[in-house]
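Peer 1: Okay, handing you the structure first.
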Amino acid sequence: MTNYPFFSQFKYIIFSASLVLCSALSAQQQPFKKQSQSDFWEKVQFGGGLGLGFGSGYTDISIAPSAIYNFNPYVALGIGAQYSYVSQKDFYTSNLYGGSLIALVNPIEQIQLSVELEQLRVNVSVEDDFNNSSNTRNFWNTGLFLGAGYRTNNVTIGGRYNVLYNENDAAYSSAFMPFVRVYF
């Protein structure tokens, strides 16, 4: 066999040149991680609800921030937190706090369907004026809400129904609840 030292060196030169060229081309592209981070945050919306109610000896304060991730114009998933304080002077005081997971489906632009799983810790204290005593209950309440609403821009107005509602151990007085949902 004849030895061709030029071709042997030529292979090394081509190999080295292709490595340098590939490295230079790769450096011109944006890193995948940065691109996916910006895409992720462009699809996230924040929102939630605030509630204030005052009356003669009655106070109701609630805050419920949430965030959703829009997979596409039709489907979104999100998480939320909630805290509520309700008090009727000389009768009733409650604190509710917990979190939720929500799935939103928009089959058409104006209609929004939702499924929300909510887990709340409920602390209730009821004053009994006749016996001069207090009854305290602390328990966990799980709700599975199915909802539907009319959507315009970032606002949805509708109702939801708790399919796990049990009036003996409930955090709410009714299984049906109206809602206003806002996401920015």
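Peer 1: Of all residues in segment 141-170 being charged (D, E, K, R) and part of a strand (DSSP E or B), which is nearest to Arg121 (Cα to Cα)?
Peer 2: Checking each candidate, the answer is Arg160.
Peer 1: For segment 159-184, enumerate the residues that are more than 20 Å from Ile79 (Cα to Cα) and either among the small types (Gly, Ala, Ser) or modelled with pLDDT of 90 or more (or both).
Peer 2: Once the filter is applied, which keeps residues that are more than 20 Å from Ile79 (Cα to Cα) and either among the small types (Gly, Ala, Ser) or modelled with pLDDT of 90 or more (or both), segment 159-184 yields Tyr165, Ala170, Ser173, Ser174, Ala175, Phe176.
Peer 1: With of a type in the set (Asp, Glu) and in contact with a Leu (Cβ under 9 Å, 6 or more places away or on another chain) as the only criterion, which of Glu116, Glu127 stands out?
Peer 2: Going through Glu116, Glu127 in turn, the sole match is Glu116.
Peer 1: Looking at Arg121, Arg137, which one is within 23 Å of Asn162 (Cα to Cα), in the same structural domain as Gly158 (by TED's automatic domain parsing) and free of Cβ contacts under 8 Å to residues at least 24 places away in the same chain?
Peer 2: None of the other options fit; the residue is Arg137.
The values are calculated or read from the model by the stated rules, or taken from the named source; none is laboratory data. Everything numeric here is computed off the predicted structure, so don't read it as measured data. Cβ coordinates were reconstructed from backbone atoms using ideal geometry, including for glycine residues, and neighbour counts include every protein chain displayed.
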